[in-house]
Amino acid sequence: MTTAIQIAYLIASILFITGIKLLSKTKDARRGNMLSAIGMLIAIVATLLTINVISMLEIAICILIGGAIGLFYATKVAMTKIPEMVALFNGFGGLASFAVALSDYFLKSGSSLESLDAVNLTSIILSVLIGGVTFTGSMIAFLKLDGKISGQPITFSGQHLINLILLIAFVAASVLVFIDPSNLLFIGILIAISLILGILTVIPIGGADMPVVISLLNSYSGMAACATGFILNNNVLIVAGSLVGASGIILTQIMCKAMNRSLTNVLLGGFGQTVAAGGQDGPAIVVKEIGVEETAMLFDSASSVLVVPGYGMAVAQAQHVIRELMEQCEKRNIDFRFAIHPVAGRMPGHMNVLLAEANISYDKLIEMESINDDFPNTDLVFVVGANDVVNPAARTNPQSPIYGMPILNADKARTVIVSKRSMGKGYAGIENELFGYPNCLMLFGDAKQTITKVVGEMKEMS
Amino acid sequence: MTVSALLILIYVLVLASYLGFELISKVPPTLHTPLMSGSNAISGITIVGALIACNELGYASLAKWLGMFALVLATINVVGGYAVTDRMLKMFKKK
């Protein structure tokens, strides 16, 4: 019986790995996700075989409640809100591991203290720490993304010192748990510190750094599952947990590289605050405005167009009208593609999902490294709701806080049109030199409304 | 737990992490959002731990209630994670 269950766990692990492997090709990705889900089902069924029949009723109820909530959320969530959903689910994953670890602790400390050996206690402590930090940290990330609390970095003096003191206190309390495992006070201190640490570590980080934060919390939720695997002596938890942990770390690295910042720099937080104050002293940039009709004419006469989407496109929900714009251009045999910066949006790959939702073929979406040499040969670049990722100051101005960040070379195109609500600054709080360039024209107004009008003009022309 | 049992778990951890790094670095940026929501689903593997924790008999113990709480959360992750990932991947089309 136990051998059969171990074999089932092995099969589940293989299916998880194969599922991730299939994600390397867009056409196989959906099948990969299915395989991974089948692996999960096998793991669940195998575990259920070990469960006492008397417990089945409450288990069925819990699964029904969780399944209904999960399915409802997954079907209803808008594609622009996926970052919020991922943040929330990171938190649920962390909290589940946290609860399982505590459950195991109470079970063992209540009955047989001798089974709480050093490995067990260490795993429980780690699981509580990682799970707790993941939970509250993710909730803060969720509230920031959702706009329930300010996306601005919230900082106060002595913040890092407090975090350090809390960590030291955590280690001290862990030692006390080792000395007296049955003392509930010590475990209570561990719980409280881990929950507070999660809040304090995410609160100073600004809204546009959220791609890094949710990638990192994603990784933590995997590590929490790993720690739970050590508690329960269970390989499938460790395999699945490590896959998630690795995935989160890789995405975190990619995001940091794309912003030319170190992970430490992101985590210390407060980016953009001091800069915003200094940035206003520079000479005001004189911009040239363009209207809807001229924009339509420029599109009409171009032979190649590159669109640079940013978070503003998601906010304005402009992806569907951009597809209409693409259709108008393709009717005229204009080469129409998208240039995607790795940190555009609020999570890795956010733009790709939104454009896929608008039914735009994924081979039209080109990554930064592959597209950057094409800008000089492009007639028209259309920047929609992106700002810092096209700021040439990153290449030219060593004083700029974003200097050295890899950007899309939109400024090198013959003409650039920027669709923007107002002259507000980007996340970094600095002026965008591009807007003052002679080849740059500003199309002010809500992206969805103005682009709809441009499309209307183009329809009349043909 | 014996040292040899612990070593096996560490073996699994190290090898699975390496494999994860190799495989995930090959995932194209286009699929990074589905990768993350898919990871949410996979991190729901804690459901296995939650089920084991629910196996405790009677409703008097805190251990049991924590297990049931974890079970609801992990099921949300598993079901919601796979469903939303599938919904997204369905939209990725090449024309």
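Considering only the stretch A:364-374, I want to know if a residue exists there that is surrounded by fewer than 24 Cβ atoms within 10 Å (Cβ to Cβ), touching a residue at least 40 places away in the same chain (Cβ under 8 Å) and more than 14 Å from every other protein chain (Cβ to nearest Cβ).
Scanning the stretch A:364-374, I find at least one residue that is surrounded by fewer than 24 Cβ atoms within 10 Å (Cβ to Cβ), touching a residue at least 40 places away in the same chain (Cβ under 8 Å) and more than 14 Å from every other protein chain (Cβ to nearest Cβ), so the answer is yes.
Checking the conditions here, which among A:ASN397, A:ASN409 is within 26 Å of the chain's Cα centre (by Cα) and closer than 17 Å to A:GLY436 by Cβ?
Details: A:ASN397 fails: within 26 Å of the chain's Cα centre (by Cα).
It is A:ASN409.
Could you give every pair whose Cβ atoms fall below 7 Å, whose first residue belongs to the stretch B:73-89 and is within 7 Å of chain A (Cβ to nearest Cβ), and whose second residue is among the hydrophobic types (A, V, I, L, M, F, W, C) and not in a helix (DSSP H, G or I), counting only separations of at least 6 or pairs across chains?
These pairs meet every condition: B:VAL84/A:VAL77.
Among what's in the stretch A:30-63 and is facing chain B (nearest Cβ under 7 Å) and over 30 Å from A:ILE17 (Cβ atoms), pick the residue that is surrounded by the most Cβ atoms within 10 Å (Cβ to Cβ).
The residue in question is A:SER55.
Got a sec? Which of A:ASN183, A:ASN218 is of a type in the set (S, T, N, Q) and away from chain B (no Cβ under 11 Å)?
On inspection, the qualifying residue turns out to be A:ASN183.
Tell me which of these A:PHE336 doesn't satisfy, since it passes every other one: (1) in contact with a Cys (Cβ under 8 Å, 6 or more places away or on another chain); (2) in a helix (DSSP H, G or I).
Going through the list (1) in contact with a Cys (Cβ under 8 Å, 6 or more places away or on another chain); (2) in a helix (DSSP H, G or I), A:PHE336 breaks only (2).
Would you point out which residue out of B:LEU13, B:LEU9, B:LEU66 is in a helix (DSSP H, G or I), closer than 26 Å to A:ILE254 by Cα and out of contact with any Gly (no Cβ under 6 Å at 6 or more places or on another chain)?
B:LEU13
Output the residue which, of all residues in the stretch A:245-260 that are crowded, with 24+ Cβ neighbours inside 10 Å and without any contact (Cβ under 8 Å) to a residue 60 or more places away in the chain, is nearest to the other protein chains (Cβ to nearest Cβ).
Out of the qualifying residues, it is A:ALA246.
Across the stretch B:16-30, which residue is surrounded by the fewest Cβ atoms within 10 Å (Cβ to Cβ) among those that are touching a helix residue (DSSP H, G or I) at 6+ places or on another chain (Cβ under 6 Å) and in a helix (DSSP H, G or I)?
Checking each candidate, the answer is B:PHE21.
Conditions (1) among the basic types (Lys, Arg); (2) within 13 Å of chain B (Cβ to nearest Cβ); (3) more than 19 Å from B:LEU71 (Cα to Cα), marked per residue:
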{"residue": "A:ILE65", "(1), (2), (3)": "no, yes, no"}
{"residue": "A:LEU71", "(1), (2), (3)": "no, yes, no"}
{"residue": "A:LYS81", "(1), (2), (3)": "yes, yes, yes"}
{"residue": "A:LEU88", "(1), (2), (3)": "no, yes, no"}
{"residue": "A:ALA101", "(1), (2), (3)": "no, yes, no"}
{"residue": "A:TYR105", "(1), (2), (3)": "no, yes, no"}
{"residue": "A:SER127", "(1), (2), (3)": "no, yes, no"}
{"residue": "A:PHE135", "(1), (2), (3)": "no, yes, no"}
{"residue": "A:ILE149", "(1), (2), (3)": "no, no, yes"}
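Within the stretch A:412-462, take every residue that is in a helix (DSSP H, G or I) and within 15 Å of A:ALA393 (Cβ to Cβ) and give me the one that is farthest from the chain's Cα centre (by Cα).
The residue in question is A:GLY436.
Considering only residues of the stretch A:66-111 that are aliphatic (A, V, I, L, M), surrounded by fewer than 24 Cβ atoms within 10 Å (Cβ to Cβ) and over 16 Å from the mean Cα position of the chain (by Cα), which is farthest from A:LEU232 (Cα to Cα)?
A:ALA74
Read-outs: derived from the displayed coordinates by stated rules, not from any lab. What you see is a predicted model; the values in this text were computed from it and never measured. Note: ideal-geometry Cβ built from the backbone for every residue, glycine included; neighbour counts use all protein chains shown.
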